[in-house]
Amino acid sequence: MMRLIPYPFLSAAFLATWLLLTQSFALGQWLLGIIVAMIGGWLLSALDTPKSRFKRPLAAVRLFSHVVVDIVRSNFAVAAIVLGLKEREWSSGFVDIPLQIRNPYGLISLSIIITSTPGTVWVDFEKTTGQLRIHVLDLVDHDEWRATIKGRYERLLLEIFE
């Protein structure tokens with residue numbers, strides 16, 4: 001069964017996404033969605049991704065709550081800048097952050113968190129040194145950003161993936 005559907009949860013997600021995108025639950029869409037889901041699973045198994053375990057679900061819940069709060073807070077801050085509600089006292093810039101995490105899934109998760117938070121963008125990651133560079137729209141304090149990334153995100157990602 002694993003040869004036919006190597007990643008059953010991912011294949012189910014592909015099928016659900018297909019049905020939502022087509023906005024149809026007709027038999028033909030189900031069949032096409034199953035084909036897409038199976039091909040997606042086979043392609044992913046051909047990539048030979050590294051195995052990883054999701055170790056601490058409660059840490060993932062805490063991380064998710066931090067991310068939701070930070071995204072909502074950043075939305076308001078960026079909206080204030082864009083709408084001109086905040087005086088032109090802000091300045092953008094780059095922040096370099098040394099990371100301990102090396103797990104590819106942890107790094108992917110961190111990149112999604114940073115890039116999905118308005119006002120921040122993942123710019124570069126130097127694999128050999130573990131140096132992350134991000135761009136921040138409203139950069140007030142470099143050390144505060146380092147502490148935020150390392151304390152709120154990296155610490156929990158290390159619990160979850162390492």
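The values are calculated or read from the model by the stated rules, or taken from the named source; none is laboratory data. Every value quoted in this text rests on a predicted model; they were computed, and no experiment measured them. Heads up, the Cβs are rebuilt from the backbone with ideal geometry, glycines too, and the neighbour counts pull from every protein chain shown. Please note that ligands, DNA and RNA were not included when accessible areas were found on the heavy atoms of the full protein model with its side chains. Shrake-Rupley method; radii C 1.70, N 1.55, O 1.52, S 1.80 Å.
Summary of values
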quantity: Three principal axis lengths of the chain [C-alpha, angstrom, descending]; calculated: 57, 38, 28
quantity: Net lengthening on full extension, residue 128/residue 85 (0.36 nm per residue, minus Cα-Cα); calculated: 11.3 nm
quantity: Listed peptides 10-22, 44-56 by packing density, highest first (mean Cβ within 10 Å); calculated: 10-22, 44-56
quantity: Ranked order, 94, 9, 125 - accessible area, probe 1.4 Å, largest first; calculated: 9, 94, 125
quantity: Förster radius 25 Å - calculated FRET efficiency between residue 38 and residue 64 (Cβ-Cβ, nearest 0.05); calculated: 0.25
quantity: Net lengthening on full extension, residue 71/residue 13 (0.36 nm per residue, minus Cα-Cα); calculated: 18.5 nm
quantity: Estimated [θ] at 222 nm from DSSP helical runs (n ≥ 4, -39500 (n - 2.57)) normalised by residues in the chain, nearest 500; calculated: -17500 deg cm²/dmol
quantity: At least 30 Å along the helix axis (C-alpha) and Kyte average at least 1.0, DSSP helices within the chain; calculated: 57-82
quantity: Residues of type aspartates and glutamates that residue 127 reaches as a straight line, Cα spacing below 14 Å, ignoring anything fewer than 8 places off in the same chain; calculated: 96
quantity: Inter-label distance, nm, simple model (7 Å from Cα along the C-beta direction), residue 45/residue 135; calculated: 4.1 nm
